[in-house]
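The block underneath contains the structure these notes are about, expressed in structure tokens.
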Amino acid sequence: MIQLPESWFEGRLPELPTVADCATALREDAPRLRAITSREPARDLEAGLFAALDGEAGHAVVGYPAEVPATVAATLLAAWLGMPAEGVHDDVGGTVSHVVSGVGHRHDQAWHTDSTPWLLPNRYSVLGLLSAPGPQPEATGVLPIRRLHTALLDDPEALAALRGEALPWRVNFPHLPQLWGAILDPAVPRWVRPAVDPLRDRMSPALARGVLRLEAALAGAVPWYEPATAPGRLVMFDNHRVMHRGPLLEQDSGRELIRIKIGGRAVR
Ligand SMILES: [Fe+2]
């Protein structure tokens, strides 16, 4: 497993008891966070993390001392990745979130990409565990989008429509200018089923067929990874290269995460 450098956790750690404190620190205390993450060159982290993110798997599991709060580990990783103070915002879901599994967006438990209404969806998502229902870590499903392209190769017309036929992603955000993009856009894919369902009668026959084929592939025909965040373990994935889903849990399960979105642009 890739490890955050030990030197980050020597000396006094930033006090970040809540997720809101993490957002404040990234916004207002960036020089101090950077001072911590530049105590030594993080060559192993740099090489290992990006080899994993840029490789076929499109995600990485990143270790840190298990006694350190996940808020601190996730915030230091975001700072090291160069998250700018102005990159921390609350627009369209925001960048730093306290996620309670099973609450609110139940579509989080189905395959999706994050931030589909953003002008440019966040490049990376970092997940850390705040509390868990039991000792067994619950996995996040991670499915490389490249595998979906491959699964659809026997219907080139449908695949071309998925790659090139633009859909509107801000139907539920009438205060924002409309935003058009293709589901399997080669650079910035977007998929979240509740946003696509109401658009089915506007799709070309090829795209409608492509969406059905995509759903069939997502329903089990294409294998996926199951990394789990746990005490001492962050999960980070490339939101432009994989789809993901949370574990199937009820809202009283007690699983809570910190999620930090890195890169991308929400509305401006
Ligand atoms: Fe998500």
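The values are calculated or read from the model by the stated rules, or taken from the named source; none is laboratory data. As the structure is a prediction and not an experimental result, all values here were calculated from the model. Here Cβ is always computed from backbone atoms with ideal geometry, including for glycine, and neighbour counts include all displayed protein chains. The area values use the complete protein model at the heavy-atom level, side chains included, leaving out ligands, DNA and RNA. Shrake-Rupley method; radii C 1.70, N 1.55, O 1.52, S 1.80 Å.
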* Compactness of the chain - radius of gyration and Dmax, Cα, Å -> 18.8, 61
* Please report how far the C-alpha centroid of region 202-263 lies from that of region 53-76, rounded to the nearest whole angstrom. => 18
* So how do 37, 24 rank on accessible area, 1.4 Å probe, biggest first, that is with the largest at the start? -> 24, 37
* To do: Starting from 0 in steps of 10 Å, tell me what percent of the Cα-Cα pairs of region 143-221 lands in each bin.
  => 19, 55, 23, 4, 0
* Structure fact -> Sorted by accessible surface (1.4 Å probe, heavy atoms of the protein chains only), largest first, 265, 39 come out as 265, 39
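Would you please put 187-200, 230-243 in order of how densely packed they are, using the mean number of other Cβ atoms within 10 angstrom per residue and starting with the highest? All intermediate terms of the calculation are to be shown ahead of the outcome.
Numbers: 187-200: 15.9, 230-243: 23.0.
Ranked from most to least packed, the peptides come out as 230-243, 187-200.
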* Structure fact -> Measure of exposure for residue 226: accessible area at 1.4 Å probe, Å² rounded to 10, is 120
* Name the most mobile residue of 257, 153, 207, meaning the one with the largest mean-square fluctuation, in a Gaussian network model of the chain with Cα contacts below 10 Å. => 153
* Amide proton proximity set for residue 2, modelled H, under 5 Å, gap of 5+ -> 61, 63
* Asked: What do you reckon, how do 149, 107, 89 stack up by accessible area (1.4 Å probe), largest on top?
  -> 107, 89, 149
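Stokes-Einstein D for region 25-76 at 20 °C, 1.002 mPa s, Kirkwood Rh over Cα pairs, in µm²/s? If you can, show how the numbers build up before the last one.
Details: Rh = 12.6 Å.
Estimated via Stokes-Einstein, D reaches 170 µm²/s.
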* To do: Work through the residues other than residue 53 whose Cβ is under 13 Å from its Cβ and net out their charges, Lys, Arg +1 and Asp, Glu -1.
  => -2
* Asked: Which value, in debye to the nearest 20, gives the size of the charge dipole of region 147-268 about its Cα centre, when Lys and Arg are +1 and Asp and Glu are -1 at the Cβ?
  -> 460
* For the chain, find the longest principal axis of its Cα atoms and tell me its angle to the long axis of helix 19-28, 0 to 90°, nearest 10. => 80
* Asked: By how many degrees, between 0 and 90 and to the nearest 10, does the Cα long axis of helix 205-216 differ from the longest principal axis of the chain?
  -> 50
* Asked: Leaving out ligands, DNA and RNA, what percent of the accessible area of the chain is carbon and sulfur, probe 1.4 Å?
  -> 54
